[in-house]
Every structure is written in C-alpha cells, then in structure tokens.
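Chemist: Structure in structure tokens, see below.
The values are calculated or read from the model by the stated rules, or taken from the named source; none is laboratory data. No experiment lies behind these values; they were computed from the predicted model shown. Here the Cβ positions follow ideal geometry from the backbone for every residue, glycine too, while neighbour counts run over all protein chains shown. Areas reflect the complete protein model, heavy atoms only, side chains present, ligands, DNA and RNA absent. Shrake-Rupley method; radii C 1.70, N 1.55, O 1.52, S 1.80 Å.
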Amino acid sequence: MDRDEKLKLDYEQTVAYYHHLADSRFKLLALVPIVTGAAIGLLSEGAPPVSVLAIGVLGFVVTIGLFFYNQRNTQIFDTMILRAKMLEILLKLESLDDRYQYAGPFLSRPQRNLRLFGTIRVWSDRGLAMIYGAALGGWAFLITNSILQIANKSSPLLSTLMIGIPVIVAIAFIWQVHAWDKETENLYTLPPKIQKLMEVEPKKR
C-alpha cells in the first residue's frame, strides 16, 4: 500500500468515526431534554417529596454522567475534525472556492458568523451547553423543591432559593462548556503545527 492509499484509508476511517460521534451526540440531545421535561411534569405535583428527591438526585447524577460522556466525545469529535483537515491538505483535495489552495468538507466548514438577532453568536457547542445546562437546572429544581417540602418550610427567601439554585446550576454548566470550547474553524485557535499545514498558498485567481 503506497502513501496515497494509506492517506485515503485514514481519511475514510476518520470521516466514519466523525459521523459515529455526531450520531451519538444527536441521540443524547434527543433523550436528555425529553426525559428531564417528562420527569419535571410528572413529579412536580402530587408525588411524595421523598420520592421526588430520590428521583431528582438520580436524574441529576445520570445527566452529569451523560454530560461527561458528551464532553469527552466533543474532545474526540474536534480531534477528528482537525485530523480530517490535515488529511484533506495532504491528499491535495481540490478547492471549490478561494479560501485555501486545497479544501474538502472539513476545510470548507464555515466560520462561526451566525448571530441570533444580530447579537448572540450561534454554534453547535453553545446549543449543547444550553440543553445540558437547562436539564441539570431542571433536576436541581426537583431536588430543591422536594427538600423544602420535606422540611415543611415556606418563606419568600426559600422560594427565591427554589428558583435561584436551579438557575445558578444551569448558568454554571453553560459557562463551563464555553470555557472548554475549542473553535476549530479559526487558524489562530489551532496548534502551530496544524496552522502550518492549513496555511497553504492561497488559490491563484
């Protein structure tokens, strides 16, 4: 097997792994909000507080586990994108625009330039952060509410805590995902070795 054949095989395997990870992320995105919303709807009223607390803690822990799994997948997902970009350059895939001399599905990925209402930047990991943050905030609401019911306490301060704690939990996890996020579309965020590979001569006009 010559070098080009090895590169082609590597590229095929990398793309296949990328699609596998993307499929896993999509399935989790479909599962997490549905289960969380159903639990909140069914347990918020009528269920014994002790049962709600137990289910709330279990749901929170399970969602944290899925969150960890997703973030590890995200690391590998980003690595597959970077590897695919390097392979597209080494394979000298033909560019259909003037961005790079060589290109392909990964090198041609658009920049993060979408903005909601012209202000809020839109990209996939921000969506993931919001979904997991909201789900964990929902479980935190069930836990907080059930603890207050078990304690049989009621006051404006406690009511504020019942809303405030879940909101803080949601914001904390959203912030953490943003802190971890790696913008693979911009050269300046990538390792120097990868930048050197991607900074090929501009396609001649």
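Chemist: Please compute the length gained on full extension between residue 34 and residue 69, using 0.36 nm multiplied by the number of residues separating them and subtracting their Cα-Cα distance.
Modeler: 10.8 nm
Chemist: Assuming R0 = 41 Å, can you tell me the calculated FRET efficiency for the pair residue 20 and residue 167, based on Cβ-Cβ distance, to the nearest 0.05?
Modeler: Given R0 = 41 Å and the Cβ-Cβ separation, E is 0.70.
Chemist: Additional query: Taking all protein chains as present, what is the carbon and sulfur share of the accessible area of the stretch 1-152, in % to the nearest whole number, probe 1.4 Å?
Modeler: The nonpolar share, carbon plus sulfur, comes to 65 percent.
Chemist: Could I ask something else about it? Measuring with a 1.4 Å probe in the full set of protein chains, what accessible area per residue, in whole Å², belongs to the stretch 101-167?
Modeler: That works out to 56 Å² per residue.
Chemist: At 7 Å along Cα-to-Cβ for each site, give me the label-to-label distance between residue 47 and residue 91 in nm.
Modeler: Computed distance between label sites residue 47 and residue 91 equals 4.8 nm.
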